[in-house]
Amino acid sequence: MKVKVSVYITTYNRLELLKRAVESVLNQSYQDIEIIVADDGSTDGTHAYLKEMQEQGLLLSTINETGKSKGACYGRNKALSLATGYFITGLDDDDYFENWRIDSFVQYWFKLEQENTNDIAGLFDGVLEVRENGEFTHNNSECVDYDMLRSLNYIGNQVFTKRDYFLKIDGFDEKMPALQDWDTWIRLAKKYGIFKNIKKNSYIIVQNHGLERISEKKANNIRKAFERLNLKHKPSNLKERSSRIVAMCNYSQINVKVSELLILLITFEFRVILRRIKKALERV
């Protein structure tokens with residue numbers, strides 16, 4: 001069964017990386033795909049590139065006025081409003097797809113439907129991460145449900161699901177300064193069920209391009225994001241609260257509060273505590 005798949009890409013001043021991302025979607029073995037690029041006010045020639053590509057019928061674009069940044073979630077939601085695909089998925093502008101990614105998702109989804117598998121919120125896949133010191137694969141749990149997502153983002157930054165599902169949860173939260181993906185997956189899982197991992201490592205994360213990634217965002221934005229996540233999805237027990245602190249500790253720019261360290265101690269997260277102590281000593 002062939003149905004249209006929409007792929008949204010948000011971008012800001014990464015023209016050469018964006019070109020690679022777009023090409024990876026254009027080169028998919030699955031043919032019925034529309035690409036929607038949401039630009040957040042770039043000044044590096046991205047607008048001209050998008051105009052040319054749109055005139056050729058290769059993609060749709062939505063462009064914020066130069067200097068009028070509205071954030072990635074605004075762009076994602078704008079792309080969602082323009083999308084016409086039955087399915088939808090995303091791609092960060094500094095990453096790219098293996099050329100069989102979309103086809104694998106579509107086949108897997110309809111296989112689940114033929115098996116009468118219900119309560120599927122979406123699909124995801126493992127990633128290949130490219131760093132300066134080599135390549136590493138990450139392949140998380142085979143199934144991820146709502147309870148798991150309340151403690152940790154076991155999925156990553158992209159899912160494949162029905163466009164209608166995104167619309168019915170009102171898309172991405174534009175007030176989240178970070179962790180937007182995690183928050184969205186929690187809401188999708190709560191409403192629609194589990195996420196299934198196709199385990200093919202079809203998403204390539206490039207860490208060595210020299211430009212900012214989320215892991216390098218300001219500490220204040222990261223902490224505000226966790227505060228909003230906790231406000232929207234209040235931890236139901238001490239273990240969930242501790243798990244979120246552990247997730248926050250993965251951002252090296254965050255200074256952990258004494259109260260947070262006490263929670264880590266109570267929940268026996270000794271490795272995280274020792275790692276933080278070691279980091280503090282290195283700064284001395």
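The values are calculated or read from the model by the stated rules, or taken from the named source; none is laboratory data. This structure is a prediction, so every number in the text was calculated from the model and none was measured. As a convention, Cβ positions derive from the backbone with ideal geometry for all residues, glycine included, and neighbour counts pool all protein chains shown.
Applying the criterion of being among the hydrophobic types (A, V, I, L, M, F, W, C) and farther than 18 Å from VAL127 by Cα to the residues of segment 79-97, the residue that is surrounded by the fewest Cβ atoms within 10 Å (Cβ to Cβ) is LEU82. So, PHE136, is that one surrounded by 12 or more Cβ atoms within 10 Å (Cβ to Cβ) and free of Cβ contacts under 8 Å to residues at least 40 places away in the same chain or not? Judged against the criteria, PHE136 is a match. The condition of being of a type outside the set (Lys, Arg), farther than 25 Å from LEU188 by Cα and touching a residue at least 12 places away in the same chain (Cβ under 8 Å) holds for only one of LEU60, LEU80, LEU128, that being LEU60. Being without any contact (Cβ under 8 Å) to a residue 24 or more places away in the chain and outside any loop (DSSP other than H, G, I, E, B), is that true of even one residue in segment 25-37? No.
Filtering segment 19-62 down to residues that are of a type in the set (Val, Ile, Thr) and more than 21 Å from the chain's Cα centre (by Cα), which residue is surrounded by the fewest Cβ atoms within 10 Å (Cβ to Cβ)? Among those that are of a type in the set (Val, Ile, Thr) and more than 21 Å from the chain's Cα centre (by Cα), it is THR43. For ASP40, the criteria (1) closer than 28 Å to TYR108 by Cα; (2) touching a Ser or Thr at 6+ places or on another chain (Cβ under 7 Å); (3) not polar (S, T, N, Q) hold in every case but one, which is (1). Within the span defined as segment 130-139, one or more residues are within 17 Å of the chain's Cα centre (by Cα) and under 24 Å from PHE110 (Cα atoms).
Only residues that are surrounded by fewer than 18 Cβ atoms within 10 Å (Cβ to Cβ) and either touching a His at 6+ places or on another chain (Cβ under 9 Å) or not in a helix (DSSP H, G or I) (or both) were counted across segment 225-238, and they come to 4. Could we say that ARG241 is over 18 Å from ASP181 (Cα atoms), surrounded by 13 or more Cβ atoms within 10 Å (Cβ to Cβ), without any contact (Cβ under 8 Å) to a residue 40 or more places away in the chain and not aliphatic (A, V, I, L, M) here? Spelling it out, ARG241 is indeed over 18 Å from ASP181 (Cα atoms), surrounded by 13 or more Cβ atoms within 10 Å (Cβ to Cβ), without any contact (Cβ under 8 Å) to a residue 40 or more places away in the chain and not aliphatic (A, V, I, L, M).
Does VAL256 qualify as being surrounded by 13 or more Cβ atoms within 10 Å (Cβ to Cβ), at pLDDT below 95 and aliphatic (A, V, I, L, M)? Yes: the conditions hold for VAL256. Would you confirm whether any residue within segment 179-195 is within 20 Å of THR11 (Cβ to Cβ), surrounded by fewer than 21 Cβ atoms within 10 Å (Cβ to Cβ) and either in contact (Cβ under 8 Å) with a residue 60 or more places away in the chain or aromatic (Phe, Trp, Tyr) (or both)? Among the residues of segment 179-195, not one is within 20 Å of THR11 (Cβ to Cβ), surrounded by fewer than 21 Cβ atoms within 10 Å (Cβ to Cβ) and either in contact (Cβ under 8 Å) with a residue 60 or more places away in the chain or aromatic (Phe, Trp, Tyr) (or both), which makes the answer no.
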